[in-house]
1. Limited to the range 57-71, what total is found for residues that are assigned to a loop (DSSP other than H, G, I, E, B) and buried (at least 17 other Cβ atoms within 10 Å of the Cβ)?
2. Can you run down the residue pairs with Cβ atoms below 7 Å, 6 or more apart or on separate chains, where the first is in the range 3-31 and farther than 13 Å from residue 61 by Cβ and open to solvent by 80 Å² or more (accessible area, probe 1.4 Å) and the partner is modelled with pLDDT under 95 and part of a helix (DSSP H, G or I)?
3. Among the numbered criteria (1) at pLDDT below 70; (2) under 27 Å from residue 90 (Cβ atoms), which single criterion is violated by residue 195?
4. Taking the condition among the polar types (S, T, N, Q) and within 11 Å of the chain's Cα centre (by Cα), does residue 55 pass?
5. Assess whether residue 89 counts as being within 22 Å of residue 147 (Cα to Cα) and surrounded by fewer than 18 Cβ atoms within 10 Å (Cβ to Cβ).
6. Taking residue 113 as the residue in question, decide whether it is outside any loop (DSSP other than H, G, I, E, B), touching a Cys at 6+ places or on another chain (Cβ under 8 Å) and among the small types (Gly, Ala, Ser).
7. Take the range 116-141 and flag every residue that is aliphatic (A, V, I, L, M) and in a helix (DSSP H, G or I).
8. Testing residue 106 on (1) of a type outside the set (Asp, Glu); (2) open to solvent by less than 50 Å² (accessible area, probe 1.4 Å); (3) under 10 Å from the mean Cα position of the chain (by Cα); (4) closer than 18 Å to residue 70 by Cβ, one condition comes back false. Which one is that?
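The values are calculated or read from the model by the stated rules, or taken from the named source; none is laboratory data. Everything numeric in this text was worked out from a predicted model, so none of it was measured. Cβ coordinates were reconstructed from backbone atoms using ideal geometry, including for glycine residues, and neighbour counts include every protein chain displayed. Please note that ligands, DNA and RNA were not included when accessible areas were found on the heavy atoms of the full protein model with its side chains. Shrake-Rupley method; radii C 1.70, N 1.55, O 1.52, S 1.80 Å.
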Amino acid sequence: ENRTTFGLRNAVESNSPEICEVLLAHPDIDVDKKGGVYGTTALMVSCKLGYAAITRMLIADPRVDVNSQGSNGITAAILAAAYNRTECLNILKDNPRVDWNLMNNGTTAAFYAVVDNHTEAVRILSEIPSIDWNIDVVQGHNVLAWALLTRHVKGATVLRKYGLDPINDDILRILFGIPSLDINIEKLKELDVYEKAVSEAKNYLDHLMD
C-alpha cells in the first residue's frame with residue numbers, strides 16, 4: 001500500500017496521468033496520503049503544479065478529500081489560486097464538494113489570488129457563489145479592504161519589500177462587481193486607506209450603479 005501511495009505522488013509530480021490512472025484503480029491506495037514539508041496530498045501537488053488532466057482525474061474519484069489540509073492549513077484550492085493555475089481552478093469550481101473558505105495561516109484562496117495580482121484567477125473565483133468575500137483575513141480586513149490598502153503609499157512600500165505590487169485596476173473592478181462583497185467606503189476611511197484609493201473605490205462604485 002505504501003509503495004502504491006507514494007507512487008501516486010511521484011506520478012503526479014512527473015505529470016503522468018496514465019500511471020495515476022493505473023494507481024487509482026488499486027482498491028487499497030490511500031489517495032489522501034500526505035507527504036513533503038507541508039503535508040500535501042496528491043491533489044494539492046497536482047493543483048500547485050497546474051496539471052489539469054490529473055486534477056480532473058483526482059477530483060472525479062469520490063475517495064479523494066478535496067478539502068484536505070496540509071500542516072499549515074493549505075488546500076488544493078488555495079494552491080491553485082496562489083500559483084495562478086486557472087485550468088485547475090475551473091475544474092475545482094465545478095465540484096460542489098470544494099470548500100473555498102478554508103484558511104491557510106488566516107488567508108483564503110481568494111486572498112492569495114488577489115494579493116498576487118492573478119486577474120484571471122480572481123475572475124474565476126468571483127463566479128463562485130459559495131465564496132465568502134467578507135471573511136476577515138490579514139490584520140482583520142476583508143479582501144477588498146486589503147486590496148485597497150495596497151494602493152496606500154505605505155502599503156505599497158511594504159509590498160515592494162516582499163516583491164509584490166499594489167492590486168491592479170482590473171482586479172479592483174472585479175471585486176467591486178461581486179454583489180455579496182461588503183463595499184463600505186466609510187469603513188475603509190476608518191482603516192486609514194490612502195485618499196486616492198478611497199476616491200478610486202467611490203468612482204468604481206458610482207460607475208457600477210449608473
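1. First, pick out the residues of the range 57-71 that are assigned to a loop (DSSP other than H, G, I, E, B): 61-71.
Next cut, buried (at least 17 other Cβ atoms within 10 Å of the Cβ) only: 64, 66, 68-70.
Selection size over the range 57-71: 5.
2. 19/11
3. Condition not satisfied by residue 195: (2).
4. no
5. In short, no.
6. When the stated conditions are applied, residue 113 does not pass them.
7. The first filter runs over the range 116-141 and keeps only residues aliphatic (A, V, I, L, M), leaving 121-122, 124-125, 128, 131, 135, 137-138.
Of everything in the range 116-141, those that are aliphatic (A, V, I, L, M) and in a helix (DSSP H, G or I) turn out to be 121, 122, 124, 125, 138.
8. (3)
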